[in-house]
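Trainee: First the structure, which I've put down as structure tokens, then a few questions once you've had a look.
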Amino acid sequence: MAYQSFEDLEVWKRACKLAVEVYKALKDSREFSLKDQMNRAAVSIPSNISEGAERHTIPEFIHFLHIAKGSAA
């Protein structure tokens, strides 16, 4: 693959920023179940991107990108 580390991927950087923004947006929410689910989904996006990238095969990377996309939905 054409990158040294998943940390070089723009999609991973943007997903991390999204997770931070979700946490900030929901910090005062009293909807605890929804807040927890949204926070976990937001963290799952960059986590799955990094896990897929570290698998070092294109099919596995694509699989984890699909999981990340599902978390984003």
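Every read-out reported here was derived from the displayed coordinates using simple, explicitly stated rules and does not represent laboratory data. Not measured: the values here are computed from a predicted model. Positions of Cβ are backbone-derived with ideal geometry, glycine not excepted, and every protein chain shown enters the neighbour counts.
Trainee: Below 8 Å, C-alpha to C-alpha, sequence gap of six or more: please give me the relative contact order for the chain in percent. Present the calculation step by step, with values, prior to reporting the outcome.
Mentor: On the way: 62 pairs, mean separation 23.3, N = 73.
So the answer I get is 32 percent.
Trainee: Go ahead and run the numbers for FRET between His63 and Val11, Cβ-Cβ distance against an R0 of 22 Å, rounding to 0.05.
Mentor: For His63 and Val11, the calculated efficiency is 0.90.
Trainee: Then there is this: Using per-residue counts of other Cβ atoms within 10 Å, averaged over each peptide, order 62-72, 40-50, 4-14, 21-31 from highest down.
Mentor: Output ranking for 62-72, 40-50, 4-14, 21-31: 40-50, 62-72, 4-14, 21-31.
Trainee: Calculated from the structure, Rg/Rh (Cα atoms, Kirkwood Rh) equals which of [x] 1.05; [y] 1.45; [z] 1.00?
Mentor: Checking each listed value against the structure points to [x].
Trainee: What 222 nm value per residue comes from the helices of the chain, counting each DSSP H run with n ≥ 4 as -39,500 (n - 2.57) and dividing by all residues, nearest 500 deg cm²/dmol?
Mentor: Computed ellipticity for the chain at 222 nm equals -25500 deg cm²/dmol.
Trainee: Only four residue types carry charge here, +1 at the Cβ of Lys and Arg and -1 at the Cβ of Asp and Glu. Report the dipole size of the chain about the Cα centre in Debye, rounded to the nearest 20.
Mentor: 280 debye
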